Structures are given as structure tokens and as C-alpha cells.
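K.L.:
Below is a structure I'd like to ask you about.
Every number in this text was worked out from the coordinates using simple rules, so none of it is lab data. From a predicted model like this one, the values you see are computed outputs, not experimental measurements. As a convention, Cβ positions derive from the backbone with ideal geometry for all residues, glycine included, and neighbour counts pool all protein chains shown.
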Amino acid sequence: MGDLISSHLDEGKREIIKARTGEVIGEFGRLYEQQYAVALFNKVRFDIEGGGGPQPQLLRRKAPLENRSIFSGALFQFLEENKKWRNRFLFVPDSYNMNYYDNKASHERGLHPKGTINCAGYKVLTSMDQYLELLNNSLPGVKAKVGNAPFLKCATEFLLILWHPYARHYYFCVVTEKEQKKWHAVFQDCVRHTNDGLLEENKVQTPAFTDSVRLYRQAHGQYGTWDMMCGKPPQILANLVMETLLPEVRDLITPGLKGKMHERQRNWMLICDAVYGLVVRQAQAQYEAVVQSCEAGRPLLEASIRTDMDQIITSKEHVSTKIKAVALPKAEKLLKVSIQPYISSILEALMEPTSRGFSEVRDVFFRELVDMSKNSLNDSTKEKLGEHMEKISMLAFHPVKMQSCYEKVEDLSLDGLQQRFDVSSPSVFVQRAQILMREQMDDAVYTFEQILHQSLEDQGPEGLCKSIQRCQDRVIKKFDYDSSTVRKRFFREALLQIFIPYMLKQLTPSVASDLPRFQELIFEDFSRFILVENIFEEVVLHSVMKDIMMAVKEAAVQRRHNLYRDSIVLTSSDPNLHLLGDNPAIDWAGEYGTGPEEGQGQDEVEGEETGDSGEAHRRRRMKQVVSMIQLDGSPILVNESCLEVPSVDGIPEEREGEGEDQDADAPSSPEIVHQDPVKLLFSPILSTSTKSSVCMYIDRGSGATSMPVYVVFVLFLYFDRLRPHSN
């Protein structure tokens, strides 16, 4: 692979990549310096004047995933380096970056992972046809036929492929369809979370960054939504560079690619990944330098803003009046002809799937509490309560349980409107709605935790079922109110995100020539905080905002999709509830369970015996949101967090004609060798036919002469386990 990269990415091409990247980031940097001062002014003004809007009723957890991991388990990965399938142990920490290891023991010992996957910008595919369709578009003129594998033979039919337009692709597979669905939910959650890499809490850097990216793209004629606004700032900037750099590099390199069609596709992917890596590293260094420079000048800027706030506001309003006189008549004409006729239909397209998704969040939350309430009738001990609440506390971050909620909003479609308003795809709105759904679920869960915990402190565990019911009713009422508020805000923002770029694209050619003369009206001392381009965009925004607000308000008045009217303000029945939000996270297992101390002591003993480090202890003791992928009715394997897979040093690709004498219905699994037959027969991922094939394989001989004895012993254990036992 190294020879391939070095031969096609020589010093000359690397200099071209460096120069193009420097040009893009340099232009972005100049925009960022301008927008940073504007964002700082807006932030300081908001701090002084405050903002309106309804206050949320639910509490917000400060550190949702503290001391948590999301998931860990085993599956097969295809390695491009040697074209082999290997067993891998995957661990997903609270960062949602997927770390993969040779085995679980390597992770528990604190060894460095074999690799880490940042899923920002990736798509999760479950079929080779989906993959080939995307792959064919990456290299024009080199097409693979649908139905043919590009350069790998799949170990099983249950694929999981991580595809990225610029970065390396990753190939995984599992043995059953049920596993595939659950891993798919986990992978999608990783993509969803890492895509959302811009911190909303940073009220200066984040708006400065997003506005700079948007203005850069608009300056190059690219309006509308952008699918690759994914990840942290350096990744987004790298995507910005690759938009224009990739076609240039492709024209330079692809004529020199040799070999068969699939080989050329594979080689181009590896080269593209190498180019992307170079761009990301350079973008990160340049971006950090720009941010550091802006942050260094922040104290002086902020002092100037606070001193001259009134004069800056007056000057801005004066310039805004002048720009309105020029731009507003044109904006209103465009609004009447091209925007107003579509507002209601687009709003309905947004409301239907989004509201069904939030309704499903409510139902999932309600069902979990009902199940806990029912179980408390049979067992109302503190230990059982701690066990239930430990699971419920992380419900919002359980990708499998939340999948039904996320699927509802994936039906969102803007067919017929995407081309008119330059919306690349509805994915940006789907992802935003899913993030809001997860936040609402966690707010509801966290509020329920705090109210229930307070109730138990006051009343004790007696009447637990009634306490759960009362707390549940209070939280559901708050959820409905907050859900309405969050959805209405989402609908308004989505409509603006659709209409504003379209209006700017139509209006800018006729207004842009007039804007420079308005800059002369601004005092030089205030020119850093007042930019005529930003004021023009604000004028356009306010021109359409009235119609959008009215459309959402009418939907609420008609009680469509369970939206509340703006005039409804929920009177808080818990005036001191917000004080509970400052409490530390509740350790349900430790406070209400029995055995954490014992378990801790046991872990310490094991650690001393094995010589594990403190970090290894922490890894093993870290609570996991999704404990395992477990097939219904299957036994749980001791010390395994996922389904058992063959822990083989080398699993070669399936050879043509291999295994023809096996059961035709058996999954097309990788070759299984040197694996403990007890685990193989008891492994929940292996179907009956697969287990039979394993026994046949072992009986034919795999280098161990005593295997038939093991098979007899295993069968005895297997059927003995199925036999009813008396207590």
C-alpha cells in the first residue's frame, strides 16, 4: 500500500495539494476573523439584553455519558492490506469513535487499538449493491456491475460497510440478520453523534465557523444545504477543500491507474484516503492558528464592545434602514411569487415524520416505565429498583431501543422541492431531528430520575408502584410541553434553512453592487462588528420570518401533530425542580443495589493478581449503555459483551467451491478453525445448521486427534442443559 501511495502521490502532487489546501483555508481564515468579531458582538449583546422564549420544563443532564461506554462486541473485519477477514473486538467509548482490537483481552489490558474510526461523514450500508452504486460514482469511467463484489468476497451475507466520499472504507460482517440490525443501529448512532461535532455551547466560535463556511461556499456559487457539514471544524474544512481539490487530483492520477476495474477502484480509494489525510492535518493546523489568533484578541474586542454597545447598535440600525430600502422590495416580491405558495406544503412534510418520531420517543419512555412499574409489583426491593433505573438512566443513548424513534423521522421526504430550493437531501434535517429526539428522551429520563429519587428519600420504598406512576405523569406532562416547543423551533429553523439560501441566490446579483457604499456609513471603530453582508442577510431573513412564524402558529392553533399554541405557558408545579438539576448523577446500582462494593473488591483482587494498571481497571469497570447483542432465547456467554465469534489468528477469504458438502441453508461464515468446540456449540450466533457444519468440520479433522472425544463431551453438555433440572 505504501508503494502505491508514494508512486502516485509524488512530491509534485503533494505540493499541489498543499497549495490548494492553503488557498481554501486562507480564504476561510479571512472570513472567520471577520465573523468572529460579529459573533462576539452578538453574544455580548445577548448576555446584556437577554432572550425571550418559553423556558424548558425538563431538566438537562450536564454530563450524560460520564464513566460510560456505548458498546463493545466482536465481529469480522475485512483487511485490505492482505485481503483477509479477521476477528475484531470493537469498543465504542463515550466519544463515539470506534476502537478495534485483536481481541477483548487486548482492550481490557489497556493496549493501543489496532485502529480508530471517526464516523463523521460516513454512511452505513448493509448491501453490496448500495456500496457499488456509491463506488461507481467516485471514479467516473470505471464502472462495476451491480451484483458483483468489487474486490472482496464476503464472509457472510450480513454486511456492514462504512462508506465515505473521501476517507477509507471499512468492511464488517456478522453471522445473523438480527446481529446485523443491531450493529447497524450502533454504527448509525456513531455516525449521528460524530457528525454533530460543533459545540452549541460555544456561542462565539461555532457561529463564526458556520457563517464563515456558508459565506465561503456562497462566494463560490454554492448555496443551499451541504451534506458534508459533518464532524469537528478541521474535518468540515477538509471536506470543503476536497470539494474542489478531488476532481483536480483525480484528473492527474486516474490515467496512471493500472489493472482490472476493481483493482483501479480499490487503488483510487486508498489514494483518496491518503489525500484526505494530508488535507485534514493541514486544515487542523491552519484552523487552530486562526482560532488562537482570534482568541488572543478577544479581551480587547469584548472591552470595546461593552464600552460602545449603544453606539454600535445605533449605527447598525441606521445602516440596516438604508439596506432595507434597497433590498426589501425585491425580497417581498420574490417571497410572494416563489416562497409563500410552498411554505405550508414543506411545513407539513417536515411535521408529519418529525412528530411521529417524537411521539415514538414518548411511547418508548412510557413503556419502559410501565414495565418497571409492573415489575415492582412482583419485586419492590431496593436492589431490583436499582437494576431497573440503571438501565433506564441511559435509555436515550441506547441505539437499539431508540432505533424505532429514529426510523420514524427517516421517512422525511422533500420530493419535488429539493431541486427548486437547492436542498441536496433531507439528511441534514433528519439528523438534526434525531439529535433533538435523543436530547428530549434524556431530559425526560433525567427529570424522572431526580423526581423519583427525591420521592424515595421523602417516602421510602413503600408504595413504589404509586410513586413511579405519580412521577411518570408529571414528567410526561412536561415532556409534551417541551416536545411542542422543540419541534416548533425545529420547523422554523428548517424552513429558514431551506428558503434563505434560495432567496440569497436570487437577490444577491441585483443587490451586491449596492452594498459597498453602505459600508462607508459605518464608523471605522465599529466596522469590525457591523458588516453590510451580514445586515443584508438579516433583512432577507426578517422578510420571510413573519410568514414562517404564521404558518407554524396556525399549525399549533389547529392542534396539528399535538403542537401547543404559543399562548399556552405551562405553570410549573415544581418551582424548585431546577434545583435538582445541580445534584450529582445518581448511582442507582451503588445506592440501591447490593454488591458494588463486593464487585469492586473482586476487581481489585483480580487486578492485583494480573498486574493490571489503573486504566485497565477503569476500562473493565466502565458501565456500558448497550450490554450485549443477544439473540432471544440464547444463553449468555460468561465474560463476553457480545456474541461469540471465532477467535482465529487468520480467517482467510472463503475459497470458491469450499464447503459445498455443507448444509445449503447454513450461513456463509468464515472458515472456523482452532476454536473451543464447547463455545462454538453454545454460541448464540450460530444456527443449528452451522453448528452441525462445525461438528462435521471438526470430525473431519483439524489437526487435533482427540476432537471426536470433545464432540461427544460437548453433545452431552448440550443435551444435559436442555434437560429440566430439579431445584
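K.L.:
Sort 220-230, 291-301, 155-165 by the packing proxy (mean of other Cβ within 10 Å over each peptide's residues), most packed first.
P.N.:
Top to bottom by mean Cβ count within 10 Å: 155-165, 220-230, 291-301.
K.L.:
Relative to the present Cα-Cα distance, how much length would full extension add between LEU580 and GLU243 at 0.36 nm per residue of separation?
P.N.:
116.6 nm
K.L.:
Hey, if you put +1 on the Cβ of every Lys and Arg and -1 on every Asp and Glu Cβ in region 178-327, which of GLN205, ALA219, HIS184 ends up farthest toward the positive end of that dipole?
P.N.:
Checking the options against the dipole of region 178-327, the answer is HIS184.
K.L.:
Further question: How about region 53-142: which GluC sites (Glu not before Pro) there are in a DSSP loop, with at most 10 other Cβ atoms within 10 Å of their Cβ?
P.N.:
Of the GluC sites (Glu not before Pro), the ones in loops of region 53-142 whose Cβ has at most 10 other Cβ atoms within 10 Å are GLU81.
K.L.:
Between beta-carbons, use under 15 Å as the cut-off and find the net charge around LYS203, counting Lys and Arg +1, Asp and Glu -1.
P.N.:
Here the count lands on -4.
K.L.:
Next up: May I ask you to order 442-450, 539-547 by the average number of other C-beta atoms within 10 Å around their residues, highest value first?
P.N.:
Ranking, from highest mean packing down: 442-450, 539-547.
K.L.:
What is region 69-195's relative contact order, in percent, from Cα pairs under 8 angstrom and six or more apart in sequence?
P.N.:
Reported relative contact order: 25 percent.
K.L.:
Let me ask something else about it. Which trypsin sites (Lys or Arg not before Pro) does region 184-214 hold that lie in a coil by DSSP with at most 16 other beta carbons within 10 Å?
P.N.:
LYS203
K.L.:
Over region 165-290, what lengths in whole Å, largest first, do the semi-axes of the equivalent ellipsoid take, defined as the square roots of 5 times the eigenvalues of the alpha-carbon gyration tensor?
P.N.:
The answer is 28, 24, 12 Å, longest axis first.
K.L.:
Let me test this: with uniform point scatterers at the alpha carbons of region 69-195, what is the Debye-based log₁₀ I(q)/I(0) at q = 0.16 1/Å?
P.N.:
Values, matching the q order: -0.80.
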